[in-house]
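Each value in this text was obtained by applying a stated rule to the coordinates, not by laboratory testing. What you see is a predicted model, and the numbers here were worked out from it, not measured in a lab. With ideal geometry, Cβ positions are generated from the backbone for all residues, glycine too; neighbour counts draw on all protein chains shown.
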Amino acid sequence: MAKLVTDVVCPFCGTLCDDLEVSVTDDGKKILDVYNACAIGAEKFLHSQASDRITRPRMQDEDGNWKDVSYDEAVEYTAKILADAKKPLMYGWSSTNCESQAVGTQIGEVTGAIMDNTATVCHGTTLIAVQDVGIPSCTLGEVVNRADRIVFWGCNPAHAHPRHMSRYSIYPRGFFTGKGQKSRKLVVIDPRCTDTSKLADYHLQIEQGRDYELFDAFRVAFKGEKLPDTVAGIPKKTIYEVAETMKSGRFGIIFFGMGVTQSLSKNHNIDAAISVTRDLNDYSKWSIMPMRGHYNVTGSGEVWGWLHGFPFALDLSRGFARYNPGDTTSNDLLRRDEVDAVFVLGSDPGAHFPFGSVKKIWGLPSVCIDPHITPTSAVCKLHVPVAFVGVETGGCAYRMDNVPIECRKVVEPPEGMLTDEEFLKKVLTRVKELKGA
Amino acid sequence: MAEYLIRNGFVYDPVLGIDGDKKDIAVKDGKIVETTALSKPTEINAAGMTVMAAGVDVHAHVAGPKVCVGRNFRPEDKLFNSTPQAGIKRMEGGFSVPTTLRTGYNYARMGYGFVMEAAMPPLFARHVHEEIRDTPIIDEAALPVFGNNWFVLEYLKNKEIENTAAYIAWLLRVTKGFGIKNVNPGGTEAWGWGMNCETVNDVVPYFEITPAEIIRGLIEANEYLGLPHCMHVHGNSLGEPGNYTVTLDTLKQAEGYTAKNDFGRDTVLHHTHLQFHSYGGTSYSSKGFESKSKEVMDYVNKQDNITFDLGVVTLDETTTMTADGPFEHHLSHMNHLKWANVDVELETAAGVVPFIYNPKSYIAGAQWAVGIELGLYAKDMMKTYITTDHPNAGPFTRYPRVIKWLMSRAAREHMLEKELKYGDSIRNTCYIGEIDRELTLFEIAQMTRAGPAKVLGLSHMFGSLRPGCEGDVAIYPYNPEAIDPSRDPELIERAFSTAQYLIKGGEMVVKEGDIVSNGSKRTFWVDCTTSENPQVQRDISEKFKRYYSVTEANYEVSGHHYVPNPYVIEVDASQ
Ligand code: SF4
Ligand SMILES: [Zn+2]
């Protein structure tokens, strides 16, 4: 027999779908099937069931031999390397709940850590641009109910956020958008042909890295001013036409991704994109939204925001909060040998950081807290497996539009396994003792 | 729990009619008690100091999504003002949008014990509660916004008060909210299309209802339920020259209604930050602008069912934030600073824009004058509350400065003569120069504790030192026998900025000016029972299925981690 858990939240991408259904065995121990999720979402649930899953902390010696240790020993090692370090880096925080992020931040306060999240290699540039020019935005339900113009810029939701288009952007029928897709015009700006661009009314195949110019050209076109014959590889006629399409909508939105945040010009691209959106609000109603990747990277920025006022690159090492991207960002610190211990939770820098940074982690006292074996766990001295947030424990997560949703626990974690929050609380208690705080 | 005996202070308690008499105040088991009830109290020598119940803030934006937007998009707000961890006190940062930690500590330093978060977007209720949870010491509650909510617009269009009320009761329960906030009624929904409602008679696009109908309908629903607080409105056309007529129209909607509740509240409409709504003229220049505080107060003083708060401009660099989305957009076009906006499906919107109230500009000085004038023209100080609409007109940490301006004509003259560049134009276009009145400490106690506690329906707990009230006592280094407000106005500001002691819930949290405890803060919310209403239940399910981006089951705020220490006020509206 099986029972069905409904309204399950998918702890994978920033789309944070909350309509999944998961069938589990009657004893609540095993997941049988996952409904409504996309393939990558379902995989996340099923992965937790892997029979070869690591269930106890392990340490590796210099020759790379692993040996199991107890959670108590893991707490001790973690607390000690953080307490002993002059400037520990506590990185990740994007695939865990807000409660863990809040406890982790207290550890950071006591040990004088640098706290950084995956925005540092993703939408950190967006956060900087928002500090420069602000951001007019909305919740995803507004898009469902009102939007008749959708722009995807430098992102490919068909692959990275698979259910975004059906739940929120292209297809859904909302209150003022009863015809669904037919009531919307879709513009895709991407140098590549993608599964998203195939759906577009306009696909502007911009020359790689020339986003800033095209954003600016739109601002010129809105005002009806003169453009050169082509900008960023797009003929001016098309630019005028798309500009007109955007202006003539009743409610529009620009979704953008890593294609613009991490290409040449970085935060300046986003600055320009937000300015385009501001301009459009003189003609109709427009919003802009970053397609945040990890399911709760947004939440970590909020938690740090309310506790310390900065959404990433948070430096607590001087005893109070500082923020200076480029100086207090993970890769810059690692490359400059400025940190002397590394703590990773809820992310995989081993896979996503430049090789040079990963090598630095390998050379330092280090701990990786992650349910999976990952490239990061492979280079850290200690690997602490924990329960899957959103599968084996609940907690709050923030969707890409900052809407907080409570994740659901659908099955029990393996016997004796700690959650992120439980592990962090033990570490907090211990670092307080070690620091005499 | 510890016992405290606060000896020989000058006590101000408008509820008990105590006006500066030397009295002893006793606290035991978290409550105020008779002095005879103590056995082995810790004595606090309050001789030469002022003793009041802890302050109660009726309206501030201190927790939730728009506050956090303000923090995160203004790193400059934290420049050179962060402070390290010390003792039990955690790190602090921020000026106009302080971190939650600093928010709690700063209220405690000013002797405040309760703060109402003035605008909670229901879909973001979890966020509001997480921030409230992480704000130490002070008790807090939050008002969900209703004035642009689709359920409310639809029910009220059909004059369905009972359904509106049932929906409100449901929403308060699922969001753990406290009462009814009504921001730019109808205008914020219009903002979904980039439009606005500028008068109480402008029709909301598609929903075909007017702000006047929304205001009246929400008053009726509020009294139908008998909620502790009254309908709390931020009227249309905030900040617009000439808007005082809209304000009068807004206030007039309360005519004919009387309060029905079991909480001792006798008013039905609270108008917030009235300063922003009391403007005459046609522009912001000294030639086009005038104060209409007197005209507005002439009306307010004649009503007995209205309260308001001031929203005094403090002439700081600050961060404006409001559910009045179209206003923030408008503002960003005036000052060309960064603009953030969030439209929230089916419910509301919010905007955030930094703002510099420059004392060298005419208009900032005139706005300052309007706010102070409202306080000085008011007749019933139990219905007039000190706020800065934190952080919109200025940070809450300036309340002591506002108190100084209200208590000292000399302090106001100093502003007009020395601090403001356009003092003369301000005298000409505003009333401030003509007013001699200086408020008393008794009146300040009415405006900052007894009055707000009453309108929030919390006078049985806060705002007084009557035995049985919460053990919330503030002791200020202010000797009313030695200080002359006309000669030493600065001493007023200093005293109210730095409580010597704050006892909160019977526990000492500020001792000799230092934070010594993180307290045991509570989140207040209202659990209102109504009779079964299958239609509203159906409407809710329908809207979630079709128009919300989250499921109905995932909407409710539940779980210890959001509201770890609740104080639930139960209201039975099922009869
Ligand atoms: S789109 Fe994202 S959140 Fe939704 S099911 Fe797929 S992976 Fe999960
Ligand atoms: Zn307000």
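Structure summary
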item: Euclidean distance between Cα centres, the range A:278-294 to the range A:209-250, Å; result: 16 Å
item: Cut-off under 5 Å, modelled amide H: who pairs with B:THR348 long-range; result: none
item: Computed E for B:ALA553/B:HIS336 - FRET, C-beta separation, R0 41 angstrom, nearest 0.05; result: 0.40
item: ³J(HN,Hα), Karplus 6.51/-1.76/1.60, whole Hz, each residue of the range B:62-75, x for Gly, Pro; result: 10, 8, x, x, 6, 4, 6, 4, x, 5, 5, 9, 10, x
item: Whole-number percent relative contact order across the range B:472-568, with pairs defined as alpha carbons under 8 Å at least 6 apart; result: 22 percent
item: Listed peptides B:447-456, B:412-421, A:312-321 by packing density, highest first (mean Cβ within 10 Å); result: B:447-456, A:312-321, B:412-421
item: Mean separation of Cα contacts under 8 Å, 6 or more apart, over the residue count of the range A:124-290: relative contact order %; result: 31 percent
item: In order through the range A:374-389: 3J(HN,Hα) via Karplus (6.51 cos²θ - 1.76 cosθ + 1.60), integer Hz, x for Gly, Pro; result: 10, x, 6, 4, 5, 9, 8, 6, 10, 10, 10, x, 9, 5, 6, 5
item: Built amide H within the under 5 Å cut-off of B:GLU3, gap 5+; result: B:THR42
item: Gyration tensor (alpha-carbon) shape descriptor, the range B:26-184, a/c threshold 1.5; result: oblate
item: Exercise: per-residue mean of other protein chain Cβ atoms within 10 Å, A:394-404; result: 5
item: Along chain A, longest interval not containing exposed GluC sites (Glu not before Pro), exposed being DSSP loop plus at most 16 other Cβ atoms within 10 Å; result: A:63-206
item: Length-normalised contact order of chain A in % [C-alpha pairs under 8 Å, at least 6 apart]; result: 25 percent
item: Too-long pairs where the Cα-Cα distance tops 30 Å, listed order kept, from A:LYS409/B:LYS176; B:LYS22/B:LYS504; B:LYS294/B:LYS421; A:LYS409/B:LYS338; B:LYS260/B:LYS379; result: A:LYS409/B:LYS338
item: In nm, spacing of pseudo-spin labels at A:THR25 and B:ASP19 (7 Å Cα→C-beta vector); result: 7.8 nm
item: Cα centroid separation, the range A:388-405 to the range A:27-99 (Å); result: 17 Å
item: Calculated FRET efficiency for the pair B:ASN301/B:LYS421, C-beta based, R₀ 25 Å, to 0.05; result: 0.20
item: Antiparallel DSSP beta bridges within the protein assembly as shown, as percent of all bridges there, nearest 5; result: 45 percent
item: The range B:266-283-the range B:1-77 distance, computed between alpha-carbon centres (Å); result: 29 Å
item: Angle between chain A longest axis and helix A:297-308 axis [Cα atoms, degrees, rounded to 10]; result: 70 degrees
item: Per-pair calculated FRET efficiency, R0 = 35 Å: A:ARG250 and B:LYS252 via Cβ, rounded to 0.05; result: 0.55
item: Label-to-label distance, nm, for residues given as B:GLU76 and A:ASP84 (7 Å Cα→Cβ offset); result: 4.4 nm
item: Other protein chain Cβ atoms within 10 Å, averaged over every residue that makes up B:123-130; result: 5
item: Spatially proximal lysines relative to A:LYS236 (Cα-Cα < 28 Å; intrachain offsets below 8 disregarded); result: A:LYS182, A:LYS185, A:LYS198, A:LYS223, A:LYS226, A:LYS247, A:LYS266, A:LYS285
item: Residue pairs, from the table B:LYS66/B:LYS521; A:LYS432/B:LYS66; B:LYS181/B:LYS252, whose Cα atoms sit over 25 Å apart; result: A:LYS432/B:LYS66
item: For B:THR320, residues with placed amide H under 5 Å, excluding near neighbours; result: B:VAL353, B:PHE355
item: Protection-proxy order for peptides A:45-56, A:229-240, each taking the mean of Cβ atoms within 10 Å per residue, highest first; result: A:229-240, A:45-56
item: Structure-based [θ]222 nm, chain B - -39500 (n - 2.57) summed over DSSP H runs of at least 4, per residue, nearest 500; result: -8500 deg cm²/dmol
